[in-house]
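Visitor: Can you keep this structure in mind? I'll have questions shortly.
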Amino acid sequence: MRKAARLAALLLLSTLAISTTARAAPVSFDWGSVSFGGSADFGVYEADGVTPLQPGDLVQLIATGADGLADPPQQDGTPGGDDQLLDTSAVEQGTLPGFLQGKGYVLYQTYSYDSDVLPPDTTVYIRAWNGPSIAGSDAYGDSVIVPLDGDSWSAPRWSTGSDVPTSVSISNLSSRGRPLGIALAAALGVAAAFTTLAGILRRRRAPGSSLHAEAQGNG
């Protein structure tokens, strides 16, 4: 009787171990935004929707969290709300033939995880920044949201039309060739930008400044 009970207990433990191992199976998910036929329906673009992002610009695979929404980034650029950063890549990271270059494509990147790490109903999106880093960007944009339940996903075309959080250093705002005044207006608001620029001009014209002394000498 005792022997039968021991055998039953061992069988139960073996079954539980097998079940646990099955739940923790490794999973791979290929993500990106690319068409190997050169379609313009894929890739990431600047806010104008016409200019592709540059090679090396940052892209991130992000899980939405329980709310299923793409929350705006925090002031340091990390995912906001209950969103979770899963993987990172870059525009045109890898080798592309010439006719596929300059289209803002994100080549497939493999994200590997254990199936028990993320809930089965996890949804994801790609966040792209129009610079090689968060600090070197002045805009970002999010792709559509999809379930993390397939082998691969190529996100349809989208743009980086959202301004970065206002804590970004002013020295980085013109990294994409924007005039400083426009960059300030985008990051701080029009009124605050004019106030800041007016202060700069006042300091340059103040007695004792180099510009004021030059004006006096020319007079």
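Visitor: Cβ-Cβ distance below 7 Å, separation of 6 or more or different chains: which pairs start in the range 141-155 with a residue that is free of Cβ contacts under 8 Å to residues at least 60 places away in the same chain and end on one that is surrounded by 16 or more Cβ atoms within 10 Å (Cβ to Cβ) and part of a strand (DSSP E or B)?
Guide: V144/Y125; V146/T123; V146/V124; V146/W153; P147/T123
Visitor: Test P72 against the criterion of being over 23 Å from V34 (Cβ atoms) and at pLDDT 95 or above, and give yes or no.
Guide: On the way: over 23 Å from V34 (Cβ atoms): yes; at pLDDT 95 or above: yes.
Here the answer is yes, as P72 does meet what is asked.
Visitor: Could you please give the count of residues in the range 31-52 that are touching a residue at least 60 places away in the same chain (Cβ under 8 Å) and either farther than 17 Å from V144 by Cβ or in a strand (DSSP E or B) (or both)? Break it down stepwise before answering.
Guide: Within the range 31-52, the first condition is being touching a residue at least 60 places away in the same chain (Cβ under 8 Å), and the residues that meet it are 31-36, 38, 40-49.
Now drop any that are not either farther than 17 Å from V144 by Cβ or in a strand (DSSP E or B) (or both), which leaves 31-33, 36, 38, 42, 44-48.
Counting residues in the range 31-52 that are touching a residue at least 60 places away in the same chain (Cβ under 8 Å) and either farther than 17 Å from V144 by Cβ or in a strand (DSSP E or B) (or both) gives 11.
Visitor: In the range 95-146, how many are surrounded by 15 or more Cβ atoms within 10 Å (Cβ to Cβ), of a type in the set (G, A, S) and not in a loop (DSSP other than H, G, I, E, B)?
Guide: Qualifying residue count, the range 95-146: 3.
Visitor: Within the range 46-60, count every residue that is surrounded by fewer than 16 Cβ atoms within 10 Å (Cβ to Cβ) and over 15 Å from the mean Cα position of the chain (by Cα).
Guide: Summing the residues that are surrounded by fewer than 16 Cβ atoms within 10 Å (Cβ to Cβ) and over 15 Å from the mean Cα position of the chain (by Cα) in the range 46-60 gives 4.
The values are calculated or read from the model by the stated rules, or taken from the named source; none is laboratory data. Keep in mind the model is a prediction, meaning the values are calculated, not measured. Positions of Cβ are backbone-derived with ideal geometry, glycine not excepted, and every protein chain shown enters the neighbour counts.
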